[in-house]
1. With an 8 Å Cα cut-off and a minimum separation of 6 or more residues, compute the relative contact order for segment 207-328 in percent.
2. Could you compute the net charge surrounding TYR302? Neighbours are other residues with a C-beta less than 13 Å from the C-beta of TYR302; K and R count +1, D and E count -1.
3. Cα gyration tensor of segment 207-328, axes a ≥ b ≥ c as square roots of the eigenvalues: rounded (a/c below 1.5), prolate (a/b > b/c) or oblate?
4. Find, among the trypsin sites (Lys or Arg not before Pro) in segment 243-283, those assigned to loop by DSSP (not H, G, I, E, B) with at most 16 other beta-carbon atoms within 10 angstrom.
5. Just add up the charged neighbours of LEU316: K/R +1, D/E -1, any other residue whose Cβ is under 11 Å from the Cβ of LEU316.
6. HN-Hα J couplings of segment 150-165 from phi, Karplus 6.51/-1.76/1.60, θ = phi - 60°, integer Hz, Gly and Pro as x?
7. For every other residue with a beta carbon closer than 11 angstrom to the beta carbon of HIS123, add +1 if it is Lys or Arg and -1 if Asp or Glu, then tell me the sum.
Amino acid sequence: MSIFMKIFILLILFVSLNIVSIYTFSYEDYFTNKKEDIELKDKKGIFQFFGEDFFKKVGYKPSEFIISKNNNLLLLSGTFSSNEVAKQVIDFLKINNTQNINILENSEVSKDLLVQILEITEHLKDNFENGSKISFDGNKLIIEGELKENKYKELIKTAISKIDKYEIQANIYEKQVNKIDLNNENVTKTEDTNKIEENIEQNEKILSKDNVQSIINNIFITDKISFERRSVEPTEKSKILIEEVSNILKQNSNFNIEIGGHTDSRGNKELNKKISQDRANRVKEILESFGIDKNRIKAVGYGNERPIAQDDENGLSEINRRVEFIIGD
């Protein structure tokens, strides 16, 4: 047998062994129980491996999203490259459903970020009150809400301390517990049980500013103030939401409120500011029509000065176009 024939046979054996190895190797078994290996591929295919892009695509932006708790369910909203990617995110973080998903093809989700917020997301579902949320604006991670029990505070702090590479803003409120001191001279031992229960009930109705803010935020978990096309007039559905805000203000008359109008960056800056001011003024007028003293309400149009998300290349952002209600003293 010639030397060339021997080399040819060895090459055939080498290629055959490689083919068998490739087809029999179990990638699924190899990566079992590795949370960081979540696949995040849209239909066009973004190659990622261990949290890093295999081929880094120029011009891609981080996905912005909000995970909110409402009716004891977690909901995901935000901007993703496809509905498929959004579905993979809710599966990985064990979120119940999506809402208000915007598709932006040049956006990408960091698997490293998802791995880091997994524990916080679990706390959001189990240990926070409704109305709490986790949001990511492309750079900053914001965690806000009221705890179900104050004993969870240290657990949350420990989970937050594990997050690195991202700026974190934590607005976490302890559970407000108001009790009557039965040793207080104002509540004598001669008062009957009904009188004591009445005092406790009245005391519990006195909510803190943070409590009232949380209640108002909860109204806008699934909906937001929207306006008729090219108009400062809120939609009929939004007027119902404004009425809900007025009811809360009536029950908590010791607080004032600021209505902040915001836009995205598309168009003329001064015109955007005027539009946001006009819309804030109109919401103020509607609150007044529901019986709220005008001296308790401040309307401010910020235009595009205070974004909470990154606009796309055309300056558009559904998240930045908003009306905010801020409780004040």
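1. 33 percent
2. It works out to a net charge of +2.
3. Numbers: a/c = 1.89, a/b = 1.67, b/c = 1.13.
Here segment 207-328 falls in the prolate category.
4. Numbers: sites: LYS250, ARG266, LYS269, LYS273, LYS274, ARG279, ARG282; in loops: ARG266.
Passing both the DSSP loop test and the Cβ count: ARG266.
5. Here the count lands on -3.
6. Working through the residues one at a time gives 5, 5, 7, 4, 5, 4, 5, 4, 5, 5, 5, 5, 7, 7, 10, 6 Hz.
7. +2
Each reported figure results from applying straightforward, stated rules to the coordinates on display, with no laboratory input. Nothing here was measured: the structure is a model prediction, and the numbers come from that model. Backbone-built Cβ (ideal geometry, glycine too); neighbour counts: all protein chains shown.
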